[in-house]
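The values are calculated or read from the model by the stated rules, or taken from the named source; none is laboratory data. Quantities reported herein were computed from a predicted structural model and do not represent experimental measurements. Here the Cβ positions follow ideal geometry from the backbone for every residue, glycine too, while neighbour counts run over all protein chains shown.
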Amino acid sequence: MANLKEIRTRIASVKSTQQITSAMKMVSAAKLRKSQAAIVKLRPYSQKMSDIMAKVGESMTDEVPFARKPKNKQEKILIIALTSNKGLCSSFNSSIIKLTAKTIKEYQSAGHSVSVMSYGKKGDSALSKTENIDYLGTDDMIWEALTFDNVSKIAERFMNAFLEGKYDRIEIIYNRFKNAATQIPTIEGFLPVSTRKDGTSTAGNKNRNNDYIFEPGKQEIINSVIPQSLKTQMYKCFLDSFTSEHGARMSSMNKATDNAQSLLQDLTLTYNKQRQADITNQIIEVANGANAV
C-alpha cells in the first residue's frame with residue numbers, strides 16, 4: 001500500500017485536474033449557450049431559403065448553373081470535413097474522421113476521384129495522411145472568427161470551383177447539433193443544388209404547376225437568391241459543428257470532473273485507512289515498549 005505522502009500527492013494532483021476540467025466545462029457551457037441560440041434561430045431561415053431555392057430550381061432547371069449534373073459516371077467529388085482545432089471533446093472529431101474516411105473509400109471504390117478540404121487541426125492531422133486523394137489542406141483560423149461574412153468567402157470559393165467544372169459534386173461532413181450530449185455525424189450535399197426538395201428531377205412530371213411569377217426576374221433570382229441560400233447553408237453547417245464541439249466538450253469535461261470527484265473520495269478513504277493503521281501501529285509499539293520496561 002502506498003505511504004501517506006504518496007497518497008497526499010495524488011490527492012493534490014487530482015484536485016488540480018478537477019479544477020481545470022471544471023473551468024473548461026464552464027467555458028464551454030458559456031460558448032454553447034451563445035452558439036446554440038444562434039443555430040436555433042438560423043435553422044428556420046436556412047430551411048426557408050432551401051425551400052425557395054428548390055421551388056426556383058424546379059421551375060427553371062436548365063437555367064440554374066448550380067444545378068448542373070455530371071455527364072460522366074466517374075465524378076470529381078470534393079468533401080469538406082469540419083472538425084475542431086482542440087481535443088478533449090469525446091468522439092466529436094473521431095466520428096467525423098471515420099465517416100470521412102469511409103465516404104472516401106466508398107467513392108473511390110465506385111471509380112470517382114476524391115478531393116478533401118479540412119477545417120480544423122484535428123481533421124488535418126488525420127486526413128492529410130490519407131492516400132490516393134487530392135488533399136487541399138486546411139484553414140484552421142475560421143474557428144477563431146466564425147462569422148457569416150468569413151464563411152461566405154469560403155462558400156464563394158467552392159461555388160466558383162463548381163461553376164468552373166473543377167468538381168461535379170461537393171459535400172460537407174460535419175456534426176449536427178441535437179443537444180449538449182448528442183451530436184449527429186452528417187453528410188450534407190452542397191452542390192449541385194437539388195431541383196426539388198426531395199432531390200429528384202422534375203423531368204416528365206407534366207402535371208406539376210411550374211407557372212411561377214418571378215419578381216424582379218429569373219436572372220436576378222439566379223444571381224442573388226440561390227448564391228445567398230448556398231452561403232446560408234454552409235454557414236449553418238459551420239455553426240452546427242461549432243455548437244456541437246462545445247456541447248461535446250462540456251459533456252466530456254463534466255464527466256471528467258465527476259470522475260475526479262469520485263477518485264478523490266476513494267483516495268481520501270484510502271488515506272484515512274492508512275493513517276488509522278499507522279496510528280494503531282504506533283500505539284502498539286508504545287504499548288509493547290512500556291510492557292518491556
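Within this structure, Lys236 passes the test of being in contact with a Lys or Arg (Cβ under 8 Å, 6 or more places away or on another chain), at pLDDT 90 or above and either under 30 Å from Arg33 (Cα atoms) or surrounded by fewer than 10 Cβ atoms within 10 Å (Cβ to Cβ) (or both).
Taking Ser90 as the residue in question, decide whether it is polar (S, T, N, Q), modelled with pLDDT under 90 and closer than 21 Å to Asn254 by Cβ. Spelling it out, Ser90 is indeed polar (S, T, N, Q), modelled with pLDDT under 90 and closer than 21 Å to Asn254 by Cβ. Going by the conditions given, is Leu269 within 37 Å of the chain's Cα centre (by Cα), at pLDDT 90 or above and either over 21 Å from Tyr119 (Cβ atoms) or surrounded by 14 or more Cβ atoms within 10 Å (Cβ to Cβ) (or both)? No: the conditions fail for Leu269.
Quick one: in the stretch 25-58, which of the residues that are small (Gly, Ala, Ser) and closer than 30 Å to Lys218 by Cα is farthest from the chain's Cα centre (by Cα)? Spell out the reasoning first.
So the first thing to find is which residues in the stretch 25-58 are small (Gly, Ala, Ser), and the list is 28-30, 35, 37-38, 46, 50, 54, 57.
Now drop any that are not closer than 30 Å to Lys218 by Cα, which leaves 46, 50, 54, 57.
Numbers: Ser46: 18, Ser50: 21, Ala54: 26, Gly57: 29 Å.
Taking the candidates together, the pick is Gly57.
When the stretch 67-93 is filtered for residues that are more than 20 Å from Gly120 (Cα to Cα), in contact with a helix residue (DSSP H, G or I) (Cβ under 9 Å, 6 or more places away or on another chain) and among the charged types (D, E, K, R), the ones remaining, listed by number, are Arg68, Glu75.
Given the criteria outside any loop (DSSP other than H, G, I, E, B), exposed (fewer than 12 other Cβ atoms within 10 Å of the Cβ), modelled with pLDDT of 70 or more and among the acidic types (Asp, Glu), does Glu215 qualify?
Numbers: outside any loop (DSSP other than H, G, I, E, B): no; exposed (fewer than 12 other Cβ atoms within 10 Å of the Cβ): yes; modelled with pLDDT of 70 or more: yes; among the acidic types (Asp, Glu): yes.
The answer is no for Glu215.
Of all the criteria given as (1) buried (at least 18 other Cβ atoms within 10 Å of the Cβ); (2) at pLDDT below 90; (3) polar (S, T, N, Q); (4) within 22 Å of the chain's Cα centre (by Cα), the one not satisfied by Thr103 is (2). Somewhere in the stretch 252-270, is a residue touching a residue at least 12 places away in the same chain (Cβ under 8 Å), of a type in the set (A, V, I, L, M) and within 30 Å of Leu191 (Cα to Cα)? Within the stretch 252-270, none of the residues are touching a residue at least 12 places away in the same chain (Cβ under 8 Å), of a type in the set (A, V, I, L, M) and within 30 Å of Leu191 (Cα to Cα).
Provide a single number: the residues in the stretch 132-144 that are within 16 Å of the chain's Cα centre (by Cα) and not acidic (Asp, Glu). Working first, answer last.
Filtering the stretch 132-144 for residues within 16 Å of the chain's Cα centre (by Cα) gives 138-144.
In the following step, the residues that additionally are not acidic (Asp, Glu) were identified as 138, 141-143.
Counting residues in the stretch 132-144 that are within 16 Å of the chain's Cα centre (by Cα) and not acidic (Asp, Glu) gives 4.
Of the residues making up the stretch 7-20, not a single one is of a type in the set (A, V, I, L, M, F, W, C), modelled with pLDDT under 90, part of a helix (DSSP H, G or I) and within 24 Å of the chain's Cα centre (by Cα).
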